[in-house]
Amino acid sequence: MFRRRARLTAGIAAALVVAGLSLAPASASAAGGLTATFTKSSDWGTGYEATYRITNAGTVATTSWTLEFDLPAAARVTSLWEGTFTQTGTHVTVHNAAWNGAIAPGASVAPGFDVAYTGTFVAPANCLINGGSCAGGSAPPPPTDTSPPTVPAGLRSTGTTSASVSLAWTASTDNVGVTGYDVFRNGTLATTVAGTSATVAGLTASTAYSFAVAARDAAGNSSARSAAVSVTTAAGGTPPPPPPPGGARKVGYFAQWGIYGRNFTLHTLDAQAMAGKLSTINYAFENVGSDGKCFEVNLAGQGDAFADYQKTFDAASSVSGVADTFSQPLKGNFNQLRELKAKYPNLTVQLSIGGWTYSKFFSDAALTAASRQALVSSCIDMFLKGNLPFVQGDPSGGPGSAAGIFDGIDIDWEWPGSEGNVGNVIRPQDKQNFTLLMAEFRRQLDAYGATVGKHFSLSAFLPADPAKIAAGSRCRRSSTRWTGRPCRATTSTARGRPRPCTRPTCSRWPTTPRR
């Protein structure tokens, strides 16, 4: 899970400053007599906790303070105490809280914060306190690089589908170096990439779109936009039929949190030659909120938007071999899934909702026709249409940012009508409501699919315990495909495992990971 550290009281924070590793020496007098010293108190490999101790070395009490510093491109502040903060790109600005703006001569305050990062630890740079250098003296001069990159040339379409357009162009040049390209669709930013090609998804079939590209450098200078190119998406056609009777699928669950302690990424899946052997990946898991809707958040036990679409992967851990940039509209596992699908065009990806930890409110969400409609609509809007929310100031997300990644939904309600994780909501009517919920998913998936010319799959993971099956499912075995109709049992092999069977019968899928 995304690492979260508890807030420290002022006394504990001060103790950590004394015990921690100081990475910057105490500075001389700065603006208004203030100095600021950085101290990292802990590091867990993908993030760290630190403080800036602000000391008044002058003879007059301050009334307020503003701290500024720059983080590396792959780092961001995830929480801060003893102040308020904003982060724009890599630049962080911290203002005093209501109670600690006044610092008496010889006194100090220590705002603390957590930072998430990728790769190796790099300390913050360009520290300013009230406009002066934290190390003493006046503020450093502004960047001298004001030259933008050249305008990208040769913008062209390299392929289309009914829902996407692939583009390529000739690289720009810059006096320092080009760091990325912004791709615009009908005048609006659609995606940001590091290389000279991009795929814009979430489009409508048989529709003309105008595209342009601009280059950026490390100083934030942007070139003018390229000459626009008009591209028309392919016709939608008829959604493909479901797999033929008896058709086998090779399905694997990719655990969202595996990128942390296990260091198992989608690049690992590709590098170990596993991705090409699968027909479907179930990305596990997303949560159902107390309001009965899909949502994204960075909060232990509730959600991990950081892993989903905020984490930056370096070139060595990226499927494409190209490092993410902090400001691109989509990062994290979602962007890696997009890159994996580009490499394996026949691979489909389903979003798995629920799991052991995230099944608490399924019963509430499935209770009425209105609640079922609200849940399904929210999940389709957020994950299939790709309208991801912006979370904690991170620039990734926004309308259509994750469109085209997921080809269907997998429901992992553990368990309808019977006990699962402690605290789950359970009702006797879960059995019938589960079937109604799946039917509502099928209805809305078909309706949305008709607008984009695509058939979206739907599956469910069901229990093997006979008592749980009887309490919550009309299937007698775990299901691969759900039609919204009752299904009959399959015949079993000598080892007691079900053979694949035709719809609407049930056949067993792999065991889901526990979270």
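Only one of 198, 163 is under 28 Å from residue 407 (Cα atoms), aliphatic (A, V, I, L, M) and in a loop (DSSP other than H, G, I, E, B); which?
163
Which ones in the stretch 398-423 are assigned to a loop (DSSP other than H, G, I, E, B), surrounded by 18 or more Cβ atoms within 10 Å (Cβ to Cβ) and not small (Gly, Ala, Ser)?
Scanning the stretch 398-423 gives 405, 406, 407, 413, 414, 415, 416.
Filter the stretch 450-469 down to residues that are hydroxyl-bearing (Ser, Thr, Tyr) and crowded, with 18+ Cβ neighbours inside 10 Å and give me whichever is farthest from residue 384 (Cα to Cα).
Restricting to residues being hydroxyl-bearing (Ser, Thr, Tyr) and crowded, with 18+ Cβ neighbours inside 10 Å, the top hit is 459.
For the stretch 122-141, check the following and say yes or no: at least one residue is in a loop (DSSP other than H, G, I, E, B), touching a residue at least 60 places away in the same chain (Cβ under 8 Å) and closer than 30 Å to residue 190 by Cα.
Within the stretch 122-141, not a single residue is in a loop (DSSP other than H, G, I, E, B), touching a residue at least 60 places away in the same chain (Cβ under 8 Å) and closer than 30 Å to residue 190 by Cα.
Name the residue, out of 352, 320, 359, 327, that is at pLDDT 95 or above, part of a loop (DSSP other than H, G, I, E, B) and either surrounded by fewer than 18 Cβ atoms within 10 Å (Cβ to Cβ) or not assigned by TED's automatic domain parsing to the domain that holds residue 72 (or both).
359
Residues of the stretch 107-121 being assigned to a loop (DSSP other than H, G, I, E, B) and within 19 Å of residue 39 (Cα to Cα), which ones?
107, 110, 111, 120, 121
Quick check on residue 372: is it in contact with a Gly (Cβ under 8 Å, 6 or more places away or on another chain), in the same structural domain as residue 333 (by TED's automatic domain parsing) and not polar (S, T, N, Q)?
Here the answer is no, as residue 372 does not meet what is asked.
Only one of 226, 206 is part of a loop (DSSP other than H, G, I, E, B), in contact (Cβ under 8 Å) with a residue 12 or more places away in the chain, hydroxyl-bearing (Ser, Thr, Tyr) and crowded, with 20+ Cβ neighbours inside 10 Å; which?
When all the criteria are applied, what remains is 226.
Looking only at residues in the stretch 375-397 that are among the aliphatic types (A, V, I, L, M) and under 20 Å from residue 203 (Cβ atoms), which one is surrounded by the fewest Cβ atoms within 10 Å (Cβ to Cβ)?
382
So in the stretch 424-449, with the set limited to residues that are under 30 Å from residue 203 (Cα atoms) and of a type in the set (A, V, I, L, M, F, W, C), which one is surrounded by the fewest Cβ atoms within 10 Å (Cβ to Cβ)?
The qualifying residue surrounded by the fewest Cβ atoms within 10 Å (Cβ to Cβ) is 447.
What number of residues within the stretch 330-349 satisfy the criterion of being surrounded by fewer than 21 Cβ atoms within 10 Å (Cβ to Cβ) and part of a loop (DSSP other than H, G, I, E, B)?
Residues that pass the stated criteria total 4.
Is it the case, given these coordinates, that residue 371 is modelled with pLDDT of 90 or more and either of a type in the set (S, T, N, Q) or touching a His at 6+ places or on another chain (Cβ under 7 Å) (or both)?
Considered against the rule, which asks whether it is modelled with pLDDT of 90 or more and either of a type in the set (S, T, N, Q) or touching a His at 6+ places or on another chain (Cβ under 7 Å) (or both), residue 371 comes out as yes.
Considering only the stretch 273-299, how many residues are at pLDDT below 90 and in a loop (DSSP other than H, G, I, E, B)?
1
The values are calculated or read from the model by the stated rules, or taken from the named source; none is laboratory data. Quick caveat: nothing in here was measured; it's all calculated off a predicted structure. Methodologically, a virtual Cβ is constructed for each residue, glycine included, from the backbone with ideal geometry; neighbour enumeration extends over all protein chains shown.
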